[in-house]
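Engineer: If you scroll down you'll find the structure; I have some questions about it.
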Amino acid sequence: MLQINPDLSDLVTDAAAGLTGRLQTKATITAAAPGRVNLIGEHIDYCDGFVMPFAIDRYIVIAGCANGTTNARITSAISEEIATLDLTQPQEISEPKWANYLRGVIRGFQDRGHHIPGFDAYILSSIPGGAGLSSSAALECATATFLEGLLDTVLDTKEKALLCQKAEHDFAHVPCGIMDQFASAFGKPNRLVLIDCQTGEPELVPFENPDLTVLISNTMVHHELSDGGYAARRKHTEDGLAVLGKASWRDVSAADVQGNWEKLGDPVNRRSRHVVGEISRTISAAAALARNDFETLGPLMAASHDSLRDDFEVSCKELDIMVEIARKIGRNGGVIGTRMTGGGFGGSTVTLCESRKASEIAAALGAEYEKATRIKPQIFASRPSQGAHLVG
Ligand code: ADP
Ligand code: MG
């Protein structure tokens, strides 16, 4: 039941072949950027919170080369279309939609005064799209890295991540926080990317224990973050902060929320309770993980899921079913903690478990989930991996 993660080197080979097959040209620049999974700290990257994602060993690869013109010709394994971009103009939103992530990143470079020469590119991915694993951030970071190769320049990593975040805001209309692009840009093998979203500083935290495995279970229920649910949640948190009269969620206590419950009103009061609770849970979880205190970590992940389900209302039936199955397997069955991960409304769960029982747990998750929903999930293990980089 456990899916194998394709080797990055195989993806690179296949992307080069794809470029030649579709655009009859040879790859001279290849960029790779990973998706991410978040262990804890959900929907608080845009609330000055702490988040604890890592870059997974699933990538978007862009293989390409300069083409001597003033146009970009871009195509993807998931689309028959060739998007043609006029690089003499500032990029704007257009069709096909998937190319907007690239247009947004190119625009970020143009706004910084870079002149982008014509290029051909082919996109290949091992990150399931719309599964809460941030294929969109990976596409943005892969594009930015490809452009670094094309322009023979290197952006500061933080600036690159922020440029990619702006592309997501302006060209995909998802008002995301900084987690996804930071994880994809800063990820390192054996490290979690603990981000203080108030200062915008990532800290690479060791995650090396071979006895621990992270299972990612894709419910196969696709989310659509641009359809308003995500933006509405973000607005609720801004409203909450305004009612509380504070400048930052880091200055708000649980007692502040409780004391202003009626004034905040529903659902802003419950959204606020989630934010404050999740910030505190993430701080506790980072400390618990550092001392291998799994008896503390597991319940924190459980409380995170319950809060996202009941107070923030971004879970869905299938995510809850997957989490319930893992909870039933429980600590004796090797499950340390489990919760939904990413923006929600579908997507994936993350399950921290004992490595020696990971296959057994994955098999049970797959079988029980399929029995309950008639949907075959996709389940794979992941270890923290290298962030966006040029290959070769
Ligand atoms: P997530 O980031 O959780 O995977 P999003 O809806 O934010 O979900 O982003 C998914 C979108 O990213 C897809 O609809 C598509 O536009 C784009 N995308 C992802 N993978 C590829 C790919 N291999 N080629 C072209 N576009 C892609
Ligand atoms: Mg996304």
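Engineer: Which of the residues spanning segment 66-75 are open to solvent by 10 Å² or more (accessible area, probe 1.4 Å) and either within 12 Å of ligand 1 (Cβ to nearest atom) or assigned to a strand (DSSP E or B) (or both)?
Structural biologist: Of everything in segment 66-75, those that are open to solvent by 10 Å² or more (accessible area, probe 1.4 Å) and either within 12 Å of ligand 1 (Cβ to nearest atom) or assigned to a strand (DSSP E or B) (or both) turn out to be Ala66, Asn71, Arg73.
Engineer: Filter segment 133-150 down to the residues that are open to solvent by 10 Å² or more (accessible area, probe 1.4 Å) and within 12 Å of ligand 1 (Cβ to nearest atom), then identify the one that is nearest to Glu168 (Cα to Cα).
Structural biologist: If we take residues in segment 133-150 being open to solvent by 10 Å² or more (accessible area, probe 1.4 Å) and within 12 Å of ligand 1 (Cβ to nearest atom), then Ser136 is nearest to Glu168 (Cα to Cα).
Engineer: Mind checking which residues of segment 211-265 are open to solvent by 70 Å² or more (accessible area, probe 1.4 Å), within 14 Å of ligand 1 (Cβ to nearest atom) and either in contact with a strand residue (DSSP E or B) (Cβ under 9 Å, 6 or more places away or on another chain) or more than 30 Å from Ile127 (Cα to Cα) (or both)?
Structural biologist: Scanning segment 211-265 gives a single hit, Met220.
Engineer: Quick test of your reading of the structure: Asn38 fulfils all but one of (1) more than 19 Å from Ala303 (Cβ to Cβ); (2) polar (S, T, N, Q); (3) crowded, with 24+ Cβ neighbours inside 10 Å. Name the failing condition by number.
Structural biologist: The single condition Asn38 does not satisfy is (1).
Engineer: Quick check on segment 133-176: of everything there that is assigned to a loop (DSSP other than H, G, I, E, B) and modelled with pLDDT of 95 or more, which residue is nearest to ligand 2 (Cβ to nearest atom)?
Structural biologist: Ser134
Engineer: Out of the residues in segment 83-132 that are part of a strand (DSSP E or B) and within 12 Å of ligand 1 (Cβ to nearest atom), which is nearest to the chain's Cα centre (by Cα)?
Structural biologist: Selected residue: Ser125.
The values are calculated or read from the model by the stated rules, or taken from the named source; none is laboratory data. Since we're looking at a predicted model, the values are computed, not measured. Please note: Cβ atoms are built from the backbone with ideal geometry, for glycine as well, and neighbour counts cover all protein chains shown. Side chains included, ligands, DNA and RNA excluded: accessible areas come from the protein's heavy atoms. Shrake-Rupley method; radii C 1.70, N 1.55, O 1.52, S 1.80 Å.
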